[in-house]
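Here the structure comes first, spelled out in structure tokens, and everything after it is commentary.
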Amino acid sequence: MASPLPEPPLSRLTVLISGSGTNLQAIINACSSQLLPNTSIVRVVSNRKTAYGLKRAENAGIPTTYHNLLEYKKRFREAQDTAPRPVDAVDEADTVARNAYDADLATLVLADKPDLVVCAGWMHIFTNSFLAPLVSANLPAINIHPALPKEFDGANAIARAYAAFQEGRIKRTGAMIHYVVRDVDRGEPIVVQEVEMKEGDTVESLEERIHVVEHELIVKGTGMALARLWEKRDVDKEKDEEANRPTTSL
Ligand code: GRF
């Protein structure tokens, strides 16, 4: 009889959201199945107070945090209001606020000691104030994007792909899970799937088909990123052991 496969290591996820959280729900469901074995979500963070995903997390007993950018902008603008300032000072205050917001987000995320950060519909562009502390902590982040690599980066990707289809420029679009880097939606793809565009499609029918694909990909991509992570940790451990092995002298 074949021996059972070894249990995968315990994996901790932090999920970042901004909206309805259907992708988050797919991860929650997968964590209680064999699709993402030994995996748990340690926190869900939203940059929108009313994001329905927060409710989904609460229903699943997952700790949640609302991280509010507007509050940072207000605080930093008020601080500048007390001093004489140049014409573009509000923009400058917003940049400072944004960096402080991202730095605090990194601190908040790292405090839970997750193995992987999953951006599941997180509608906020990261600055290095968030990314650099994650890189230093060897904590990877992945993102879902409803388009194929190097096509329709950024917001409203589905609507832009639909417009391109109507103009006869493309016949398919897709969805992907990729690593997060500074350039929006340009990190290394982990898993990619094409979605056919059909005669008579409306933007809504296309969106619906893409969402179905996304819910599978977010689970698959999370599993693949975790598998790569554990493989890398094994290799690093072996290298460390090799380097620390005492040499026998003759
Ligand atoms: C998804 O289509 C994702 O690709 C995009 O935002 C949407 C989030 O949906 N960036 P949900 O909040 O997971 O339902």
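A short reminder: the numbers here are calculations on the coordinates, not readings from a lab. Owing to the predicted nature of the structure, the values given are computational and were not obtained by experimental measurement. Cβ atoms come from the backbone with ideal geometry, glycine included; neighbour counts cover every protein chain shown.
Structure data summary
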read-out	value
Distant alpha-carbon pairs in the range 19-125 (separation over 21 angstrom), percent	45
Percent antiparallel among DSSP beta bridges (both partners in the chain, rounded to 5)	40
Net charge, Ser20 excluded, C-beta distance under 11 Å - Lys, Arg +1, Asp, Glu -1	+3
Sequence-distant lysines (8 or more away, or on other chains) whose Cα lies within less than 21 Å of Lys73	Lys49
For the range 119-152 versus the range 161-211, the gap between their alpha-carbon centres in whole angstrom	18
Full-extension gain in nm, Glu92 to Tyr52, via 0.36 nm per residue minus C-alpha separation	11.2 nm
Unit Cα scatterers, Debye sum, the range 128-179: log10 I(q)/I(0) for q = 0.13, 0.15, 0.24, 0.28 Å⁻¹	-0.43, -0.52, -0.86, -1.03
Cα gyration tensor shape of the range 79-222, rounded if a/c is under 1.5, else prolate or oblate by comparing a/b with b/c	oblate
Alpha carbon convex hull of the range 87-135, volume per residue in cubic angstrom	72
Label point distance in nm, Ser20-Thr107, each placed 7 Å from Cα along Cα→Cβ	3.6
Ranked by how many other beta carbons lie within 10 Å on average, peptides 221-229, 194-202, 34-42 from highest	221-229, 34-42, 194-202
Cα gyration tensor category, rounded, prolate or oblate, for the chain with a/c compared to 1.5	oblate
Using a Förster distance of 30 Å, the FRET efficiency for Asp153-Glu207 (Cβ separation, nearest 0.05)	0.95
Residue-wise HN-Hα coupling along the range 22-38, computed from phi with Karplus coefficients 6.51, -1.76, 1.60 (Hz; x: Gly, Pro)	5, 5, 4, 4, 4, 6, 4, 4, 5, 5, 9, 9, 7, 5, 10, x, 6
Extension gain, Glu199 back to Arg228 (0.36 nm per residue minus Cα-Cα distance, nm)	6.5 nm
Angstrom value of the Kirkwood radius, inverse mean 1/r, which spans all Cα pairs in the range 20-80	13.0
Value at 222 nm in deg cm²/dmol, rounded to 500, when DSSP H runs of n ≥ 4 in the chain each add -39,500 (n - 2.57)	-15500 deg cm²/dmol
Relative contact order (%) - the chain, alpha-carbon pairs under 8 angstrom, separation at least six	17
